[in-house]
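Engineer: Right, I'll just put the structure down here and ask away after.
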Amino acid sequence: MIGAVFSAPYILIQRRIIMDCLFCKIIDGEIPSTKVYEDEFVFAFKDIAPIAPVHYLIIPKVHISCANEITEENSNAVAKVFEAAAKIAKAEGIESYRIINNCGDDAGQTVKHLHFHMLAGIKMGWGPESLGKTE
Ligand code: AMP
Ligand code: ZN
């Protein structure tokens, strides 16, 4: 009985946390996006402020706040993201691309829903200068 009394508000709290997430709202269609791919596990859309000719965000539908929250229980979501990336690349004829995940503030993570930047369409540098340090 006590469980029944407390379970409904608990579910509401859980849902509210997820609904406060920008990318959960994009998955739900509550906030518009330019979708490039979707399946049961993954949603991918164009980044609103692209830093390369091709700049997609590939995200798991399950809410995971950052890479540091990946566990044995939820890591299949990451495999699905990379499966989706390969499908997107093949479908769009993208032969070379970079996938980046920013985890935490110093790395530049601004949206706390695990996401992978897929960048392509430009010759990319690699080295300390490519970090774009802010200080
Ligand atoms: P990060 O800085 O790694 O957390 O990446 C967040 C990315 O989300 C940035 O590249 C933003 O440009 C992008 N972004 C923020 N809001 C939106 C939006 N409404 N639609 C598409 N991309 C967005
Ligand atoms: Zn979310």
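The values are calculated or read from the model by the stated rules, or taken from the named source; none is laboratory data. This one's a predicted model, so the numbers in the text were calculated from it and none came from an experiment. Here Cβ is always computed from backbone atoms with ideal geometry, including for glycine, and neighbour counts include all displayed protein chains.
Engineer: Can you tell me which condition residue 125 does not meet? The list is (1) more than 15 Å from ligand 1 (Cβ to nearest atom); (2) of a type in the set (Gly, Ala, Ser); (3) touching an Asp or Glu at 6+ places or on another chain (Cβ under 9 Å), and all the others hold.
Structural biologist: The number of the failed condition is (3).
Engineer: I've got another one for you. If a residue must be away from ligand 2 (no atom under 16 Å from the Cβ) and under 16 Å from residue 99 (Cβ atoms), how many such residues does segment 48-64 contain?
Structural biologist: Selection size over segment 48-64: 7.
Engineer: With respect to the numbered conditions (1) within 24 Å of residue 31 (Cα to Cα); (2) outside any helix (DSSP H, G or I); (3) away from ligand 2 (no atom under 16 Å from the Cβ), which one is the sole condition not fulfilled by residue 85?
Structural biologist: Exception for residue 85: condition (2).
Engineer: Whether any residue in segment 91-98 is within 16 Å of ligand 1 (Cβ to nearest atom) and at pLDDT 95 or above is what I want to check.
Structural biologist: Restricting attention to segment 91-98, the residues satisfying the condition of being within 16 Å of ligand 1 (Cβ to nearest atom) are 97-98.
Next, from what is left, pick out any that are at pLDDT 95 or above: 97-98.
Checked against the condition, which is being within 16 Å of ligand 1 (Cβ to nearest atom) and at pLDDT 95 or above, segment 91-98 yields at least one hit.
Engineer: Another question, then. Within segment 32-48, how many residues turn out to be part of a loop (DSSP other than H, G, I, E, B) and either more than 15 Å from the chain's Cα centre (by Cα) or not aliphatic (A, V, I, L, M) (or both)? Full working, then the answer.
Structural biologist: Going residue by residue through segment 32-48, those that are part of a loop (DSSP other than H, G, I, E, B) are 32-34, 39-41, 47-48.
From what is left, the residues that are either more than 15 Å from the chain's Cα centre (by Cα) or not aliphatic (A, V, I, L, M) (or both) are 32-34, 39-41, 47.
Here the count works out to 7.
Engineer: Of everything in segment 1-56, what is among the aliphatic types (A, V, I, L, M), at pLDDT 95 or above and in contact with a helix residue (DSSP H, G or I) (Cβ under 8 Å, 6 or more places away or on another chain)? Give them in sequence order.
Structural biologist: Applying the first criterion (among the aliphatic types (A, V, I, L, M)) to segment 1-56 yields 1-2, 4-5, 8, 11-13, 17-19, 22, 26-27, 31, 36, 42, 44, 48-49, 51-52, 54.
Narrowing further to those that are at pLDDT 95 or above: 22, 26-27, 31, 36, 42, 44, 48-49, 51-52, 54.
Listed by number, the residues that qualify are 31, 36, 42, 44, 54.
Engineer: Which ones in segment 100-117 are in contact with a helix residue (DSSP H, G or I) (Cβ under 6 Å, 6 or more places away or on another chain) and not in a loop (DSSP other than H, G, I, E, B)? Even if it seems obvious, please write down each step before you answer.
Structural biologist: Residues of segment 100-117 that are in contact with a helix residue (DSSP H, G or I) (Cβ under 6 Å, 6 or more places away or on another chain), as a first pass: 101, 103, 111, 113, 116.
Passing the criteria: only 116.
Engineer: Is there any pair with a first residue in segment 112-128 that is surrounded by 12 or more Cβ atoms within 10 Å (Cβ to Cβ) and a second that is of a type in the set (D, E, K, R) whose Cβ atoms are under 6 Å apart and which are 6 or more apart or on different chains, and what are they?
Structural biologist: 119/98; 124/98
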